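The values are calculated or read from the model by the stated rules, or taken from the named source; none is laboratory data. It should be emphasised that the depicted structure is a prediction, and the values quoted were computed from it without experimental measurement. Please note: Cβ atoms are built from the backbone with ideal geometry, for glycine as well, and neighbour counts cover all protein chains shown. To get the accessible areas, we keep the full protein, side chains included, count just its heavy atoms, and leave off ligands, DNA and RNA. Shrake-Rupley method; radii C 1.70, N 1.55, O 1.52, S 1.80 Å.
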Amino acid sequence: MCGIVGYIGKEQAAPIVLDGLAKLEYRGYDSAGMAVFDGSEIRTRKAIGRLKILENLTRGGETMPGVSGIGHTRWASHGAPSDRNAHPHTNGTGTIAVVHNGIIENYILLKKKLQNRGYEFVSETDTEVLAHMLDYYYKGNPLEAITKVLHRVEGAYALGILFADHPEVIYAARKDSPLIVGRNESGSFIASDVPAVLKYTRTVYYMDNQEVAALRGDGICFYSLDGEMVEKESVNIDWDADAAEKAGYEHFMLKEMYEQPKTISDTLSPRLQNAGAGKVEEIVIEELNMTDEELRQVKKIHIVACGSAYHAGVTGKYVLEGLARIPVEVDLASEFRYRDPILEEGSMVIVISQSGETADTMAALRESKAKGYQVLGIVNVVGSTIAREADACLYTWAGPEIAVATTKAYSAQLVALYLLAMKFARVRGILSDEAYEALIEDLKRIPDQIEQLLAQKQTIQHFANRYLGAKDIFFIGRGIDYAISLEGSLKLKEISYIHSEAYAAGELKHGTISLIEEGTLVVALSTQPALYQKTVSNIQEVKARGAFVMAVANEGNRAIEKVSDYAVFIPETNPYFANSLAIIPLQLFAYYVAVGRGCDVDKPRNLAKSVTIE
Ligand code: F6R
């Protein structure tokens, strides 16, 4: 989604703003712009397309001198991508400039009122309303004007605002769209996300909902929408800028795939506690803040998430139900929030989100809390809104994920769900010591097993190169294999733009099989021994219609080679954990197909990393 960066201090603002915006490119955007106060007026430059165009237009910021500035990368929501719709937007006289992420839901009404008062609009955006409203309410005190405007707008916003009358301050405000501010000796910064400012400072403040910040070169003050001063604690960011760089890999996605063994170990190890000599580790999830007795009282779990996080949730359902025998419902957050869900006594809600800012997931969390239910967040971005608003938060320690298509955060989400399932199973006395110990051993082996699978990248690349021209690709599987299919298919279509669908293998013959033609690639997941024969029947059905079948199966299952055309094997693990291994060749396949087709792997068209609008 859109990115915001702002700077005020001793340095030239434009190069810092451009540099920060470049760090936010991963979020997805279609145009960029910047406003800088040059000592006498606010100067604005905007350009549709890549940030490079804005950089060239301003010679890396040189042609926009000044020590206070705000910038923006826009992901179009209201009005097509264009120079005119790009931010910053200004009032008619160009004395107030605004950059905005989010959506002002009542903008049509506000726009009409402003037009009746004679205000002229030059863009189709909702944001321009804010610039004119600020103009209308501004009587010399920017804070007063901002709070008056924000009391009148509905929707979500993260804002950076510059007033030509008060160039010694830039203002920031937020509601339901992420925004952080930071400081170093040279000045103060605003950004949508930490990587944008990490090169300059590690001291950041996470802005809360309906908060305004006034940033000066030598300090930051925070206010409520009533204009009252608010005290805030800064947070020290302990991951380094390298974590957000490519480190020699061709793409962030490839780098992040290679980080999966570490990600899994980092998510696992802090929750496995030594239980004494000769004993297997105990699972301790302190963040849950629940006693064993409280865990035993949980009668039903609702998992709510979007996209890949939802796919992790689908796997979670199989694992939680299978291991802990707790009924689980999994919902897409965009559906859950509007279906007036029935949550019974003893229900627990788990929301899963890499970014911790996804609008629908956040709304589902709030809906559940409003109904009086405990919400556990499984979140990657530390300090994000979902992490802060959930009653308890289990962090996945995947570090910053830059590629739009998730890989390592998804893998870490799976591990968090395995840990929860095993914890529930343990306290409910369902798992024998022997079975529990075997599961722990299998869990600990996953990082090394992923290394082995990643080492096969050339074989997968070779195979992927045969499918660069494919029109449709299908993924099939049953049970957990179906959950893996969902994610494998999403990875492929989102980055390669090849149409792909995932089907529960048994469902194919109820319609979809008519799409199979001579040579259609069907990726058949077959990691669940109990379902193996059933999946083989489905493989035979598609082969009989001319499909070319790539099977992903367990090592040692040589029989699968007879029924498929090409087979990839995953090392031995407990079937509940098979997703963590089987997804690796599917990620590699998607990646190499996309690279081979010349796609922008890290920033696929139309997609955004953090979906902060509905
Ligand atoms: C796909 C992908 C998306 C996200 C979804 C939820 O590769 O990354 O489908 O999984 O937008 O995002 P988070 O996890 O940030 O809530």
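Just give me the residues in segment 67-90 being crowded, with 22+ Cβ neighbours inside 10 Å, without any contact (Cβ under 8 Å) to a residue 60 or more places away in the chain and out of contact with any Gly (no Cβ under 6 Å at 6 or more places or on another chain), in sequence order.
Matches in segment 67-90: H89, T90.
Need the failing condition index for T573 against (1) assigned to a helix (DSSP H, G or I); (2) over 30 Å from S192 (Cβ atoms); (3) in contact with an Asp or Glu (Cβ under 9 Å, 6 or more places away or on another chain), just the number.
(1)
If P327 satisfies every condition in (1) in contact with a Lys or Arg (Cβ under 7 Å, 6 or more places away or on another chain); (2) surrounded by 16 or more Cβ atoms within 10 Å (Cβ to Cβ); (3) within 18 Å of V298 (Cα to Cα) but one, which is the exception?
Every listed condition holds for P327 apart from (2).
I'm trying to understand the selection: among the residues of segment 88-120, which are modelled with pLDDT under 95 and in contact with a Ser or Thr (Cβ under 9 Å, 6 or more places away or on another chain)?
N101, G102, I103, I104, Y107
Only one of S192, S234 is modelled with pLDDT under 95, open to solvent by 40 Å² or more (accessible area, probe 1.4 Å) and under 25 Å from G383 (Cβ atoms). Can you tell me which?
Criteria check complete, one pass: S234.
Among the residues of segment 195-210, how many are surrounded by 20 or more Cβ atoms within 10 Å (Cβ to Cβ), of a type outside the set (V, I, T) and in a loop (DSSP other than H, G, I, E, B)?
The number of residues fulfilling the criteria is 3.
Checking the conditions here, which among G61, G39 is farther than 30 Å from E614 by Cβ, open to solvent by less than 10 Å² (accessible area, probe 1.4 Å) and not basic (K, R)?
Sole residue among the options that is farther than 30 Å from E614 by Cβ, open to solvent by less than 10 Å² (accessible area, probe 1.4 Å) and not basic (K, R): G61.
Checking G546 against (1) within 34 Å of the chain's Cα centre (by Cα); (2) assigned to a loop (DSSP other than H, G, I, E, B): exactly one of these is not met. Which one?
Evaluating G546 over (1) within 34 Å of the chain's Cα centre (by Cα); (2) assigned to a loop (DSSP other than H, G, I, E, B) leaves (1) as the failure.
Report, by residue number, each residue of segment 260-301 that is outside any helix (DSSP H, G or I), open to solvent by 40 Å² or more (accessible area, probe 1.4 Å) and among the charged types (D, E, K, R).
K279, E281, E282, K299
With respect to E293, determine if the residue is away from the ligand (no atom under 15 Å from the Cβ), closer than 17 Å to M422 by Cβ and free of Cβ contacts under 8 Å to residues at least 12 places away in the same chain.
It is false that E293 is away from the ligand (no atom under 15 Å from the Cβ), closer than 17 Å to M422 by Cβ and free of Cβ contacts under 8 Å to residues at least 12 places away in the same chain.
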